[in-house]
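These notes concern the structure reproduced below.
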Amino acid sequence: ATPAATMVGTTIGAQNGVLFKGGDVLERAKDVDTVVFDKTGTLTEGEMELTDVVAFDADGEPVTDGGESAAGSGEPAADGGEPTDGSQLLARDQPSESDVLRLAAAAESGSEHPLARAIVEGARERGIDVTDPDEFENVPGHGIRATVDGGEVLVGNRKLLRDNGVDPSPAAETMERLENEGKTAMLVAVRGSERSENREASGDQPRAEGDLVGVVADADTVKESAGDAVAQLRDRGVDVMMITGDNERTARAVAERVGIDPDNVRAGVLPEDKSDAVEAIQDEGRKAMMVGDGVNDAPALAVAYVGTAIGSGTDVAIEAADVTLMRDDPLDVVKAIRISDATLQKIK
Ligand code: ADP
Ligand code: MG
């Protein structure tokens, strides 16, 4: 493109909240044949809300069906009688939903992760006094390991539990149900509790190093224009993909909601593996635009043919990106490609 055309394109972009980092990016964008969206914060609002709390008894059975639970009503939890603190739960066989939520919130209260914030906020809204953990360790891409009232508490995905010697399978049905609703379901387990010691003494599940006590779930809202953006890209012949650290089932439920082919979903991708996933897509000969908002996404934005940071994206993402979308609107991804197209066509 001539310097004049580049200037016009860059200016039109800026007027539309689409910032191109240079003339070469403006030229490249029109050739993008695949758009890879990050899920959380890009296709979704990234504002999690606690939606479900399910407690499991010592036999691994859900105490309630979790449907119209106290946790879902926004009212202070009134199930299971007297509220207990964590230490009592660790000694009891029959946790209530509020016990599970109290433990999960205490464990998560040191974490900045959006999933954690939603659990803590949801607990407070339900009248639970959230205590600080004695210790906590963030396990990136998996969850949290914390010490609450002297007991070890795990909150996270199936792998987190397995890696810590706790069998997540009693919660399989509950997890699947919540994930099919597009929610991120997290397991809550305690280790070294009297409960697991009792069980070990009785010869039940002798190998288990801990016990599953519950499941909590957070939901995120899909951005209003996400479906339109996907449809418009597909109309242009652009393949649309999604990449996320979230599990396959949740990811597919969200993909379905916005019109992304389930085969185009890359789920369970660890933060450090996102850029490899984008490279793998490009190794198929595709020209990929990666669209993301988080620190996690920066390396993937850097390796993409065009890296696009969206909305209130972190500085790190913006730094690594070729294009910054000032608004939080996925439709501006289409706009960026259109502006590139129009700019380059004018000079023909
Ligand atoms: P995303 O790419 O959606 O931001 P992450 O890579 O941060 O996801 O995490 C992947 C998965 O690990 C989450 O879906 C969740 O199951 C689990 N996880 C991560 N952090 C936490 C946390 N603080 N509490 C509970 N679970 C977590
Ligand atoms: Mg994100």
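Some observations on this one:
- Which numbered condition A106 fails, given (1) among the aliphatic types (A, V, I, L, M); (2) in a helix (DSSP H, G or I); (3) closer than 29 Å to A253 by Cα: (3)
- Subset of the stretch 22-51 [of a type outside the set (S, T, N, Q), in contact with a Gly (Cβ under 9 Å, 6 or more places away or on another chain), outside any helix (DSSP H, G or I) and more than 16 Å from ligand 2 (Cβ to nearest atom)]: D33, E49, L50
- Scanning the stretch 285-311 for residues that are of a type in the set (S, T, Y) and without any contact (Cβ under 8 Å) to a residue 40 or more places away in the chain yields a count of 1.
- Selection within the stretch 230-253 - within 16 Å of ligand 2 (Cβ to nearest atom) and either at pLDDT 95 or above or farther than 12 Å from E181 by Cα (or both): M241, M242, I243, T244, G245, D246, N247, A251
- Filtered by the rule that a residue be in a loop (DSSP other than H, G, I, E, B) and either among the basic types (K, R) or more than 16 Å from ligand 2 (Cβ to nearest atom) (or both), the stretch 132-172 gives D132, P133, D134, H142, D149, G150, N157, N164, G165, V166, D167, P168.
- Subset tally (residues that are more than 20 Å from V63 (Cα to Cα) and under 17 Å from the mean Cα position of the chain (by Cα)) for the stretch 131-155: 7
- Qualifying residue in the stretch 39-53 (condition: modelled with pLDDT under 90 and either among the charged types (D, E, K, R) or away from ligand 1 (no atom under 16 Å from the Cβ) (or both)): yes
- A search for C-beta distances below 6 Å between a residue of the stretch 245-261 that is more than 19 Å from T34 (Cβ to Cβ) and in a helix (DSSP H, G or I) and any residue that is within 15 Å of ligand 1 (Cβ to nearest atom) and β-branched (V, I, T), counting only pairs 6+ apart in sequence or on different chains, returns T250/T184; R257/V222.
- Only listed residue being more than 11 Å from ligand 1 (Cβ to nearest atom), closer than 20 Å to T34 by Cα and assigned to a strand (DSSP E or B), chosen from V230, V213, V240: V240
The values are calculated or read from the model by the stated rules, or taken from the named source; none is laboratory data. Computed from a predicted model, the values in this text were never measured in an experiment. Cβ atoms come from the backbone with ideal geometry, glycine included; neighbour counts cover every protein chain shown.
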